[in-house]
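For reference, the structure is listed below as structure tokens.
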Amino acid sequence: MITDYSIQAVAINAIPLIFAITIHEAAHGYAARKFGDNTAYMLGRVSLNPAKHIDPVGTILIPLVLLLTGSPFLVGYAKPVPVNFGRLRNPRIDSIWVALAGPGSNFFQALIWAILLILLLGFGMNEKFFISMAQAGITWNLGLLVFNLFPLPPLDGGRILSSLLPARQSIALGKLEPWGFFIVLGLVFTGIIGSLWMDPLMAFFKWVVYLFTIPVQMIF
């Protein structure tokens, strides 16, 4: 949990978080366009402009409430990128790739931050601000990756599961979408999603990032 509210601490966390959210949403729109749906592109959502993706409730209010109430995890969401799944060339399969694009972008960003951290330490650049920012970049991106893979709509994991299920079960799961995020918030407050989902998957993806960065580590 963030306990330091100084301008420096806010900058350390805000910069990688803004990149994480913005690129995550833009990746959904980019993937949708590649698979045949131009909806997000036509609305200007395939963009690295953070203002186009920030949701007042999901990006600001909910994380703030969780922060002030001492939640062990800070979660939230950006303004969903509009996707017309019917326009995808192969809706059932392509929708999986569109959903995976966001978490995939977070994994890639975590990897970039990890490489940057290794380079900073390897070259003896012990500037605390940049080292802390790189560490925050890894944490935020892996957190968003794992959180968004939770298998409940409207999260990306829910859309992936919906595409993999038979039609009847997929429709039943889709009916939970209006309440999905409130269910997830309840699981966050009770600690269930933290202990049974976030903790083990965060540890797993940290290990995967470590494996991918071994060649860079060997340089030093």
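The values are calculated or read from the model by the stated rules, or taken from the named source; none is laboratory data. Just so it is clear, the model here is predicted, and its values are computed rather than measured. Note: ideal-geometry Cβ built from the backbone for every residue, glycine included; neighbour counts use all protein chains shown. Protein only, heavy atoms only, side chains kept; ligands, DNA and RNA dropped before computing areas. Shrake-Rupley method; radii C 1.70, N 1.55, O 1.52, S 1.80 Å.
Computed values, structure above
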read-out: Pairs with Cβ under 6 Å, 6+ apart, first in the stretch 82-102 and within 19 Å of P151 (Cα to Cα), second modelled with pLDDT of 95 or more and of a type in the set (F, W, Y); value: D94/F35
read-out: Unmet requirement for S95, which otherwise passes all of (1) modelled with pLDDT of 80 or more; (2) more than 15 Å from the chain's Cα centre (by Cα); (3) in a loop (DSSP other than H, G, I, E, B); value: (3)
read-out: Unique match (being of a type outside the set (K, R) and open to solvent by less than 30 Å² (accessible area, probe 1.4 Å)) among L149, L145, L119, L165; value: L145
read-out: Scope the stretch 203-220; condition over 18 Å from the mean Cα position of the chain (by Cα) and open to solvent by 80 Å² or more (accessible area, probe 1.4 Å); matching residues; value: Y210, F212, P215, M218, I219, F220
read-out: Pairs where the first residue, in the stretch 182-194, is touching a residue at least 24 places away in the same chain (Cβ under 8 Å) and the second is part of a helix (DSSP H, G or I), C-beta under 6 Å, 6+ apart; value: I193/L187
read-out: Residues that are modelled with pLDDT under 70, of a type in the set (A, V, I, L, M, F, W, C) and under 16 Å from the mean Cα position of the chain (by Cα), drawn from the stretch 48-70; value: I62
